[in-house]
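Here is the structure we will look at, set down as structure tokens.
Just so it is clear, none of the values below were taken in a lab; they were calculated from the coordinates. Just so it is clear, the model here is predicted, and its values are computed rather than measured. Here the Cβ is made from the backbone with ideal geometry for all residues, glycine too, and neighbour counts use every protein chain on show.
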Amino acid sequence: MGGKEIQYIKEAFDTNWISPVGPHIDRFEKDIQDYAKVNHAVALSSGTAAIHLALIMLGVKQGDEVLCSSFTYIGSCNPIMYLKAIPIFIDSEWDSWNLDPDILEEAIKDRIKKGKRPKALILVHLYGMPAKLNKIMSIAHRYGVPVIEDAAEALGSSYEGKQLGTFGEIGIYSFNGNKIITTSGGGVLVSNKKKYIEGAKFLSTQARNPAPHYEHSEIGYNYRMSNICAAIGIGQLEVLDSHIACRRNIYIHYKKNLERLGYSFVEEKSYVFSNRWLTTALIDPEITGRNREDIRMHLEKVNIESRPLWKPMHLQPIFKNAIFYNASVCNKLFESGLCLPSGSNLSNDQLNSIITRLTL
């Protein structure tokens with residue numbers, strides 16, 4: 001926490017705005033718009049809720065096919081299943097670990113050939129690293145596939161100076177407790193098209209029609225963020241840039257001390273900026289003498305938590321029968337990749353202790 005969050009929470013209590021309406025929600029949405037330089041935003045209960053509403057706004061219905069990165073957290077693609085649509089998973093490329101543009105185009109051509117033009121693409125910016133946006137957006141436009149940018153992990157990251165989440169038709173951010181800033185739980189849907197935000201806001205408040213009584217002509221959802229969570233978000237946005245600077249310093253420290261010892265890291269191209277939400281590394285057992293799991297357990301013995309990279313969606317039991325266009329990249333990333341401790345409150349002593357442990 002930055003310090004002012006409790007002040008804004010107190011304001012919400014003092015003015016008795018405790019519900020999912022109130023001035024702090026309005027301010028938080030405006031602050032997000034200003035930070036991301038996007039025209040419209042609606043604050044919601046989670047990033048997953050934002051993706052769900054984004055799919056509805058793009059007209060995704062039962063039986064439609066939606067393209068999605070396989071190498072991601074399950075929250076990226078569960079909303080496809082909520083709508084009884086069909087996920088089509090795409091493999092990663094090595095530069096950024098994000099969706100491979102060449103495989104994406106191959107998949108779109110193949111689906112069209114089979115009479116199933118994809119209804120949308122959910123593009124994930126993994127661990128805060130921008131995907132190859134110019135190429136991906138060009139392909140999406142060429143084939144008429146609207147893009148939802150899942151920037152849940154990438155608030156503050158940019159591509160050619162433009163904030164992630166603002167390239168597609170709709171973008172989403174997450175403020176879950178593990179993200180670079182948090183509202184304890186929550187998310188935001190952003191777009192430069194007002195109709196999407198108005199539609200999402202309507203559905204997020206149980207689709208209540210404008211009437212003096214409770215009138216409903218559509219199925220809605222209880223997805224609106226509370227004024228209290230928004231108050232936390234206002235304070236968190238004030239320290240976002242300092243959190244990003246901290247995460248980037250943590251990455252630099254890991255890279256400087258570990259790169260020569262068998263740990264490799266995703267590097268930024270000159271035209272991208274990553275918030276470095278998490279520092280992740282690939283382990284070369286021939287140099288370290290240990291595989292990913294050996295190192296994870298080595299850290300766990302002294303109560304240092306690390307985690308494997310996301311298990312790809314096509315390897316998850318629930319998606320075992322899903323279509324996957326692949327070159328086996330994300331499988332290899334999962335097998336050898338590790339998420340290192342990267343919290344913004346990590347002290348230098350703690351960081352040095354982790355590095356010492358990794359080099360023992």
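Summing Lys and Arg as +1 and Asp and Glu as -1 over all other residues whose Cβ lies under 14 Å from the Cβ of LYS255 gives a net charge of +2.
If only the Cβ of Lys and Arg carry +1 and only the Cβ of Asp and Glu carry -1, the dipole of the chain around its Cα centre is close to 520 debye. Computed over the range 37-90, the quotient of the alpha carbon radius of gyration and 2.2 N^0.38 Å is 1.16.
On the principal axes of its alpha carbon atoms, the range 1-53 extends 32, 22, 20 Å, with the longest extent given first. Sorted ascending by nearby beta carbons within 10 Å, beginning with the fewest, TRP17, TRP277, TRP97 become TRP17, TRP97, TRP277. Count the net charge of all other residues whose Cβ sits under 15 Å from the Cβ of VAL329, scoring Lys and Arg as +1 and Asp and Glu as -1. Spelling it out: positives minus negatives among the neighbours equals -4. Determine, at each q value in 0.13, 0.15 (inverse angstroms), the log₁₀ of I(q)/I(0) that the Debye formula gives when each Cα of the chain is one equal point scatterer. Per q value, in the given order, log10 I(q)/I(0) is -1.04, -1.31. Mind checking which of PRO317, PRO87, PRO212 has the largest fluctuation in a GNM of the chain, springs on alpha carbons under 10 Å? Sorting by GNM fluctuation, first place goes to PRO212. The alpha-carbon atoms of the range 1-123 define a convex hull whose volume equals 147 cubic angstrom per residue.
Taking chymotrypsin sites (Phe, Trp or Tyr not before Pro) across the range 170-273, the ones in a DSSP loop with at most 12 further Cβ atoms lying within 10 angstrom of their Cβ are TYR214, TYR271.
What dipole magnitude, in Debye to the nearest 20, does the range 240-359 give about its Cα centre under +1 on Lys/Arg Cβ and -1 on Asp/Glu Cβ?
Values: 16 positive and 12 negative charges, 23 e Å.
Magnitude of the dipole: close to 100 debye.
Just how many % of Cα pairs in the range 240-359 lie over 22 Å apart, if you round to the nearest whole percent? Counting every Cα pair in the range 240-359, those more than 22 Å apart make up 39 percent. Based on Cα contacts under 8 Å between residues 6+ apart, the chain shows a relative contact order of 22 percent.
Pairs spanning more than 32 Å between alpha-carbon atoms, out of LYS10/LYS162; LYS114/LYS201; LYS84/LYS194; LYS269/LYS301; LYS114/LYS269; LYS114/LYS162: LYS10/LYS162; LYS114/LYS201; LYS269/LYS301; LYS114/LYS269; LYS114/LYS162.
Considering only GLY128, HIS314, GLN350, and ranking their Cα positions along the charge dipole of the chain that arises from unit charges at the beta-carbon of Lys, Arg, Asp and Glu, the one farthest toward the positive end is HIS314.
Specify whether the C-alpha gyration tensor of the range 171-294 places it in the rounded, prolate or oblate class, a ≥ b ≥ c being the square roots of the eigenvalues: rounded for a/c under 1.5, otherwise prolate if a/b is larger than b/c and oblate if not. Prolate, since a/c reaches 1.5 and a/b exceeds b/c. Counting only DSSP H runs of at least 4 residues, each contributing -39500 (n - 2.57), and dividing by the residue count of the chain, the helix-based mean residue ellipticity at 222 nm comes to -11500 deg cm²/dmol.
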